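J.: Okay, here's the structure, questions in a sec.
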Amino acid sequence: MAAHLQTLPALASAEETLIGGQAVMEGVMMRAPHSYFVAVRKPDGQLATEEMAVPRISERYPWFKYPILRGVGTLGQAMYLGIRALRFSANAALAEEGDGKSQQEVSPWLMTLNLAFSLAFFIFLYKFVPLYLATLLAKWFPVFEGRILFNLADGIIRMVIFLVFLYSISLWKDIRRVFEYHGAEHKVVYNYESGLPLTVENARQFTTLHPRCGTSFLLVVMVIAIGVYALIPFDGFLLKFVWRIALLPVIAGISYELIRFAARHRQSILAFLTTPGLWLQRITTQPPADDQLAVAICALQGAMALENAQGGELVIS
């Protein structure tokens, strides 16, 4: 569970869009503007589903309509729904592993424990370790004591750690299955955006690489962090570490705005920021099987049907 939680930021849609999704254990969660639908393939081959009406965060809290804040709100809601979908998928698997008489599930306290561990692991791996190694580098080579070179070294170390971790975890069988469902989610979203009927045959022809993916967003976050951290007017290790944690929402908000702009202006210079993320999706997305595409299609059709039931006007093809 902790390993799956670590992959969530790389799997979630990086922007508030008409249609988006996220891979979970043996399934896919799809979002429409006001709808959430999860489809999971159980070990017996049957599909378990969950749906829920979800208003946009900016509609519930108007201050999340403003730049920077809208990114924080959108990403926060995406993570909440991603965690909910992940727990549902885990429960679907556990129910099948039981004796058929008592239904097992991931308890709230176990989920909370996994979340706490994942957050602590994230802070340690991507905040503490790069800062510690950059500090050692500055001691060995005084040229890195300058604020710009120090934070550049810190950022490069962070990216290398991220790439090594992502590649290593992709070798795990369970995580590779999630990445296959991630590829299925992207193909089906492309299928919908093309206007073609939602079928396995049509979805199969599209690429697994999508510019709005969370993988691209994470790389943009790491690049933006280099510039933001260079503005921190402190030299002590502890203060640098604390501010790196405190500025996470600001960096996420700025990165969201850049991704949002790049998605709307594909020919702009900022659009090139998403290009390395597309390359990296060759790790976080894998070619899906037809049955995985069918699960993603079920999730998308379910989300659109729920959206239409609430007065939306999405075409279910």
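Please treat every number below as a calculation from the coordinates, not as lab data. Everything numeric here is computed off the predicted structure, so don't read it as measured data. Every residue, glycine among them, receives a Cβ derived from its backbone with ideal geometry; neighbour counts consider all protein chains shown.
J.: Using a basic spin-label model with each label point 7 Å from the Cα along Cα→Cβ, how many nm lie between ASP44 and LEU110?
T.: 2.0 nm
J.: How do the peptides 297-310, 239-252 rank, highest first, by the average count of neighbouring beta carbon atoms within 10 Å per residue? Could the numbers behind the result be given before it?
T.: Values: 297-310: 21.3, 239-252: 16.3.
Packing proxy ranking, top to bottom: 297-310, 239-252.
J.: Now for a different question. How far is it, in nm, from the label point at HIS34 to the one at TRP279 when both lie 7 Å from their Cα along the line to the Cβ?
T.: The answer from the label model is 4.3 nm.
J.: In what order do SER255, SER170 fall by count of nearby beta-carbon atoms within 10 Å, going from fewest to most? Before the final figure, lay out each step's value.
T.: Values: SER255 26, SER170 16.
Neighbour counts put them in this order, fewest first: SER170, SER255.
J.: Normalised by the number of residues in segment 135-278, what is the relative contact order in percent for Cα pairs under 8 Å and 6+ residues apart?
T.: Values: 105 pairs, mean separation 34.4, N = 144.
This gives 24 percent for segment 135-278.
J.: Can I ask one more? Considering the convex hull of the alpha carbon atoms of segment 2-309, report its projected area averaged over all viewing directions, in nm², one decimal.
T.: The directionally averaged projection comes out at 17.4 nm².
J.: To the nearest 0.05, how large is the calculated FRET efficiency for VAL129 and LEU171 if R₀ is 25 Å and r is the Cβ-Cβ distance?
T.: 0.75
J.: Fewest to most neighbouring Cβ within 10 Å: what's the order for THR275, THR215?
T.: Result, fewest neighbours first: THR275, THR215.
J.: Round to the nearest 0.05 the FRET efficiency obtained for ALA120 and VAL250 when R0 = 25 Å and r is the Cβ-Cβ distance.
T.: Values: r = 21 Å, r/R0 = 0.84.
Plugging the Cβ-Cβ distance into 1/(1 + (r/R0)^6) gives 0.75.
J.: Quote the FRET efficiency, to the nearest 0.05, computed for LEU136 versus ALA289 with a Förster distance R0 of 35 Å and r equal to the Cβ-Cβ distance.
T.: Efficiency computed from Cβ-Cβ geometry: 0.15.
J.: Between ILE148 and LEU94, what is the spin-label point distance in nm, taking each point 7 Å from the Cα along the Cα→C-beta axis?
T.: Between ILE148 and LEU94, the simple spin-label model gives 5.3 nm.
J.: Show me 143-153, 183-193 ranked by packing, highest mean number of other Cβ atoms within 10 Å first.
T.: Working: 143-153: 15.9, 183-193: 25.3.
Highest-to-lowest ranking by the protection proxy: 183-193, 143-153.
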